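> A single structure is presented below for examination.
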Amino acid sequence: FVQEIEGIDFKGALKILAERAGVPLIYERASAEEKDDTERLFAAMEEATLWYSTQLTKEHPAYTYLTTRGLQEHTIEHFRIGWAPDEWRALSAHLKGKGFNDKELLDAGLTKEGDKGNYDRFRSRVMFPLFDTAGRVIAFSGRIFVAPPGKPPEDIAKYMNSPETALFKKSRVLYGFDRAKQAMRKLNFATLVEGQMD
């Protein structure tokens, strides 16, 4: 029932029910080779989120930008906001060091194919992870950031989102829904706004 209502897989439904019941879930760690393809994609997205978040230090101009927009430190941490550096293969190199391969990074929407090999999809962007209803990272939305007095070229999109993948179907995801769903049920009310910063 939970799988159908929430539109998630069995493991995601277990996570939701365990949280509601206050029961800790204990997972047996499988080796990288033993995990199925979907689990590998979730693992790659989680590792990418951790890496992006470590790149957004308090000294970074993008961090200052976020705080001047009204975000507090706990909000940045709670929503796991991060930074994609202006490097072609920094994330790829990190994830390959963690055992992920080119196909998995492409399938997760983290890289793109190029003439000289695969390269990171997101560069010079503030990274907003998108979560499924169980709170697992399934995609990213990256906002371009150029430190003052810089200005991004006209042909660069202000926001770039992950492509649709096995984990991410754009029409089925609302940013922040995983955190708001309980309050929405309780109050029987929701306010829908345009973007992550809204």
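The values are calculated or read from the model by the stated rules, or taken from the named source; none is laboratory data. Source: prediction; values computed, not measured. When we count neighbours, we look across all protein chains shown, and the Cβ atoms used for this are built from the backbone with ideal geometry, even at glycine. Heads up: the accessible areas ignore ligands, DNA and RNA and are worked out on the full protein's heavy atoms, side chains in. Shrake-Rupley method; radii C 1.70, N 1.55, O 1.52, S 1.80 Å.
> Look at residue 124 and say whether it is crowded, with 17+ Cβ neighbours inside 10 Å, touching a residue at least 40 places away in the same chain (Cβ under 8 Å) and more than 13 Å from the chain's Cα centre (by Cα). Before you say what the answer is, go through the steps one by one.
Values: crowded, with 17+ Cβ neighbours inside 10 Å: yes; touching a residue at least 40 places away in the same chain (Cβ under 8 Å): yes; more than 13 Å from the chain's Cα centre (by Cα): yes.
Yes.
> Moving to a separate point now. Among the numbered conditions (1) in contact with a Ser or Thr (Cβ under 6 Å, 6 or more places away or on another chain); (2) at pLDDT 95 or above, tell me where residue 93 comes up short.
Single failed check for residue 93: (1).
> A follow-up question, please. Please specify each residue of the stretch 61-91 satisfying the condition of being buried (at least 21 other Cβ atoms within 10 Å of the Cβ) and outside any strand (DSSP E or B).
The answer is 62, 66, 81, 91.
> Return the total of residues in the stretch 143-197 being open to solvent by 40 Å² or more (accessible area, probe 1.4 Å), closer than 22 Å to residue 83 by Cα, modelled with pLDDT of 90 or more and among the aliphatic types (A, V, I, L, M).
1
A quick yes/no check of all residues on (1) part of a helix (DSSP H, G or I); (2) under 25 Å from residue 62 (Cα atoms):
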site	(1), (2)
93	yes, yes
99	no, no
139	no, yes
155	no, yes
160	no, yes
164	no, no
185	yes, no
192	no, no
198	no, yes
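> Pairs only if they're at least six apart or on different chains, beta carbon under 7 angstrom, first in the stretch 68-83 and touching a residue at least 12 places away in the same chain (Cβ under 8 Å), second open to solvent by less than 80 Å² (accessible area, probe 1.4 Å) and assigned to a loop (DSSP other than H, G, I, E, B); list them, first residue then second.
That search, which allows pairs on different chains as well, returns 69/197; 81/56; 82/56; 83/56; 83/60.
> Just the residues that are under 23 Å from residue 141 (Cβ atoms) and open to solvent by 20 Å² or more (accessible area, probe 1.4 Å), please, taken from the stretch 112-121.
Matches in the stretch 112-121: 112, 113, 114, 118, 119, 121.
> Let me ask something else. Has the stretch 150-163 got any residue that is among the aliphatic types (A, V, I, L, M), under 14 Å from the mean Cα position of the chain (by Cα) and within 18 Å of residue 41 (Cβ to Cβ)? Quick ask: steps written out before the conclusion?
Of the stretch 150-163, the ones among the aliphatic types (A, V, I, L, M) are 156-157, 160.
This time we only want the ones that are under 14 Å from the mean Cα position of the chain (by Cα), so: 160.
Now narrow it down to the ones that are within 18 Å of residue 41 (Cβ to Cβ): none.
No, the stretch 150-163 has no match at all.
Here's the yes/no breakdown for (1) open to solvent by less than 40 Å² (accessible area, probe 1.4 Å); (2) free of Cβ contacts under 8 Å to residues at least 60 places away in the same chain; (3) more than 25 Å from residue 195 (Cα to Cα):
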{"residue": "14", "(1), (2), (3)": "no, yes, yes"}
{"residue": "37", "(1), (2), (3)": "no, no, yes"}
{"residue": "40", "(1), (2), (3)": "yes, no, yes"}
{"residue": "50", "(1), (2), (3)": "no, yes, no"}
{"residue": "110", "(1), (2), (3)": "yes, no, no"}
